[in-house]
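Take a look at the structure below.
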C-alpha cells in the first residue's frame, strides 16, 4: 500500500498575508494553490512539500518530518528558497514571475503570477487526437521555442538551470505568451543527495547526465530537454527516455519518419540538441537560437519509394521487437 500524500492546506488558510482559495496542482515536491493577496489580486503559491520526506494530516499547517529525513528535507528547502530568490531577480515574459517568497510553517512558499491558459502538453494531446500529419506547423514550433529560448538564455545568464523543461512546464497563456514554469533545483538536489530508488524525472525529457550522480550539469542539460520538447511537438509523443536510448537508440529512425513533413534543418537541430554526449550538443542557448533562426535555409528531403519501403520495414521490425 502506497504512502498517502501530505494533505494540502485547506481553503481559507492565510499564509504570508495571502488567503488560499483552492489547490491547483500537486506533485512529488510541492503543492500549488490559487490564493488572494492584497486588493483581491489572484496569485499562484507554490509550497515546498516533498511527498517522500514530509507528512501532513488534513487541517494541519506544519509538515511533519522524521528526524532521519530532516537533513535532506532542509537541503531541499534551502535549494527551493534560493531558487525563489534567484527567480525574483529575473524579469522576462517567458519566465514565470516570482513576486514574493517567504518561510512559514517550517517550509517555504513561492508567490507567482497567476497565469490563465493551457500547458503545451494540453495542446500536444489535443493536436495529436486530431490525427493530422503535422502535430504543429513548423512555423508554430519555431516561434514558440524562439520565445522560450529567449527566457532560458536570461535564466542561464543568472547562473541558474531549469532542470525540468517539459511540455507540462511550458504554459501558453490566453494572450499567447509562452512561459516556463516549475523550475527543478530542489528536485535535482534531492535526487542527487537522497538514496531514492527511482530517479525523479519525467521520462523522455531528462538528459542522460541527470541519471548519473557524477553527471556534470550545464546549459547543455536544459538544451537536451528543449530538443525533446521540439520532438514531442513534431511527433505528438515524448521520445524514449535517455537510459533506454543508451541501450538502443532509435531517435534517428523516429526522426527520419518526419522527413518531408518538417524541414531537414528542424530535424537536424532536434537531433543535435538530443545528442547523448553532452559535448556534442549546443553548449549555449545562443548557439541553438542561431541555428533555429535559419529559416531561409529550409530544405525538405523527399524520400524515394525505396527509402520509404525500407523505413516501413524497419518500423515493422521495431514494432515486432517492442
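FYI, it's all coordinate maths here, none of it is from the lab. None of the values given here were measured: they were computed from a predicted structure. Methodologically, a virtual Cβ is constructed for each residue, glycine included, from the backbone with ideal geometry; neighbour enumeration extends over all protein chains shown.
Observations on the model:
- Folded to 0 to 90 degrees: helix 70-88 orientation relative to the chain principal axis, Cα: 70 degrees
- Evaluated on the stretch 14-113, the Kirkwood hydrodynamic radius is 14.1 Å, with distances taken between all distinct Cα atoms.
- Rounded to the nearest 10 degrees, the inclination of helix 120-129 to the longest alpha-carbon principal axis of the chain is 50 degrees.
- Reducing the stretch 58-132 and the stretch 208-253 to their Cα centroids gives an inter-centroid distance of 23 Å.
- Of the peptides 174-184, 5-15, the ranking by mean beta-carbon count within 10 Å, highest at the top, reads 174-184, 5-15.
- In degrees, nearest ten, helix 264-273 long axis to first principal axis of the chain (Cα): 40 degrees
- Rounded to the nearest 500, the 222 nm mean residue ellipticity of the chain from helices alone is -12000 deg cm²/dmol, with -39,500 (n - 2.57) taken per DSSP H run of at least 4 residues.
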